[in-house]
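Worksheet: one structure, shown below.
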Amino acid sequence: MPDVDIQVRVNGTLRRDTVPPRLTLADYLRERCQLTGTHLGCEHGVCGACTVLLDGQAVRACLVFAVQADGAQVTTIEGIASPDGELSPVQAAFRDHHGLQCGFCTPGFVISVTAFLRDHPDPTDEQIREGLSGNLCRCTGYQGILKAVRAAADGTSAMEETG
Amino acid sequence: MKPSAFDYHAPTSVAEAVSLLADLGEDAKPIAGGQSLVPMLALRLTALEHLVDLRRVSGLRGIEQRDGAVRIGAMTTQAVIGRSAEVARGVPLLARATPLIGHFQIRNRGTIGGSLAHADAAAEYPAVALALGAQLEAQSPRGRRTIPADRFFTGLWGTDLADDELLTAVAFPRWDGRCGFAIEEFARRSGDFAIAGAAVAVALDDGARIRRCGIGLFGLGPTPLRASAAEAALTRAGLADVTAEDVGRTALADLESVPSDLHGSADYRRHVGAVVVARAWQRAVQEASDA
Ligand SMILES: Cc1cc2nc3c(=O)[nH]c(=O)nc-3n(C[C@H](O)[C@H](O)[C@H](O)COP(=O)(O)OP(=O)(O)OC[C@H]3O[C@@H](n4cnc5c(N)ncnc54)[C@H](O)[C@@H]3O)c2cc1C
Ligand code: FES
Ligand code: FES
């Protein structure tokens, strides 16, 4: 079962690695790239904790093999804030609106919502619910997450609302 | 690493892919979007020695009009189909089925070829293919052939494809004239596989008679099903003579092996099945009548 050489651009940096074909993209990111922000919950496509952007599209990193990402660009949660550490609008809205408690699901939500708002810049509440349906959270009861997405879509953070 | 170990192949043409599959034998499998195959590998419900990735194979993506049909390459993703104006115009039933598949992250990878080849009894696309009379195009080292949808689904997760045969495209014939289309399903949570569902296409003549209809059922047997007896009974009937409830009852009448599992008993599924058929029928007839 020979290993395979791959080249992947992860959060802007080109990497070369040799991987076993059965290594998932999620395990590759966590174990080879030390990017442990991509979380693993179910490892069979249901929970969304492992969501990353693959050539700009939100996908389950547990359902892609690293060999299939050869030649692709991957953005993980570590690549979402600006280099100086300033949170992205989606991240800031999650913080401001209590869109997280334990934080386990948060990287997956932030990646999904980032792609969703790029493709639906002016979503209805119904579209937001639909767009969030592929990510599970065991803590928040979702209301804070809904508010965060609404605020991110409207370009308002809690600071602006109260200030 | 959860799946068992395998070798990886990334051929660039259909000819190369099918000759690899033929040479490697039954321990080789193609992978398209991986949205069904990778979970099965991760859960070790399946194991293989060789994975033949179709992502670099040329000529398997795209949507085109050809010979009165909308022809869709097997590797075209569900997301691309969902966004296609050509599909929305030419195959509205397929367009309406697409958002019911999983979530947008799944549809970004999942392909129409994978959905049909995987042949899950509860999946939407196979039922749409049955209702519309789609033609499935396949290629193996022995050549090409076309398989009508109602001869494609042969058993539990089973299809008419040989181990070394690839689905290359699906052609959906255009239904013209006064037509209506609807898909209805019941699932416990948005994005889950349906407990039961129905895809309905109906064409009316200039009066109020049913010229032709197609009813695809999902979640209601070991395979995706076509309610052929109900279709035959309805064809040439006057609209005024059939109620949606009758259609629901008739479509479910001769089903023999309705599944029973933790998501629902066979009796419950039958009940849900009759309701979703009736709802889809009503909406499709309404659309055709307004056309
Ligand atoms: C959380 C979740 C929810 C889902 N919900 C739904 C749902 O509600 N409805 C639904 O329909 N589906 C659902 N799916 C499944 C999804 O639609 C899959 O994308 C689809 O079933 C398979 O397509 P794929 O391209 O991913 O195929 P793969 O997983 O790559 O392959 C599936 C099978 O088809 C074979 N195959 C693939 N392409 C070809 C080809 N061209 N020729 C011959 N054989 C081929 C493979 O060898 C394999 O056996 C869900 C999946 C997940 C993870
Ligand atoms: S870990 Fe990938 S979807 Fe749950
Ligand atoms: S914040 Fe704990 S799982 Fe979502």
Taking N as the number of residues in chain A, what is its Cα Rg relative to 2.2 N^0.38 Å?
-> 1.06
Under the 7 Å Cα-to-Cβ spin-label approximation, B:A187 and A:T18 lie apart by a distance in nanometres of 4.2
Kirkwood hydrodynamic radius of the stretch B:178-290 from all distinct Cα pairs, in Å?
-> 13.9
List the extent of the Cα atoms of the protein assembly as shown along each of their three principal axes, largest first, rounded to whole Å.
-> 70, 63, 41
Expressed in nm to one decimal, what extension gain is obtained for the pair A:D154 and A:E78 from 0.36 nm per residue of sequence separation less their Cα-Cα distance?
-> 24.9 nm
Shielding by partners, peptide A:113-119 (average Cβ within 10 angstrom, other chains) | 1
D_trans [Stokes-Einstein, Kirkwood Rh over alpha-carbon pairs] for the stretch A:4-79, 20 °C, 1.002 mPa s, µm² s⁻¹ = 180
Under a point spin-label approximation (7 Å from Cα along Cα-to-Cβ), what is the B:E287-A:R129 distance to one decimal in nm?
-> 2.3
For the stretch B:7-52, what is the convex hull (Cα atoms) projected area averaged across all directions, in square nanometres?
-> 3.1
Using +1 at the Cβ of each Lys and Arg and -1 at the Cβ of each Asp and Glu in the protein assembly as shown, identify which of A:C42, B:G102, B:A251 lies farthest towards the dipole's positive end.
-> B:A251
Residues with amide H under 5 Å of B:A169's amide H, sequence separation 5 or more or different chain, H placed in the peptide plane at 1.01 Å from N; which?
-> B:A74, B:E137
State to the nearest 20 debye the size of the charge dipole of the protein assembly as shown about its Cα centre, where the only charges are +1 on K and R beta carbons and -1 on D and E beta carbons.
-> 260
At 0.36 nm per residue, minus the direct Cα-Cα distance, what do B:E245 and B:A88 gain on full extension? Give it in nm, one decimal, please.
-> 53.7 nm
Where in the stretch B:183-267 are there trypsin sites (Lys or Arg not before Pro) that are in a DSSP coil and have at most 11 other Cβ atoms within 10 angstrom of their Cβ?
-> B:R188, B:R189, B:R236
Per the rule of 0.36 nm per residue minus the C-alpha distance, extending B:D267 to B:R174 adds in nm 29.9 nm
DSSP loop (so not H, G, I, E, B), at most 14 other Cβ within 10 Å: list which GluC sites (Glu not before Pro) in the stretch B:201-270 pass both filters.
-> B:E256
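Each reported figure results from applying straightforward, stated rules to the coordinates on display, with no laboratory input. All values reported here derive from a predicted model rather than from experimental measurement. A quick note on method: Cβ atoms are made from the backbone with ideal geometry, for glycine too, and the neighbour counts reach across all protein chains shown.
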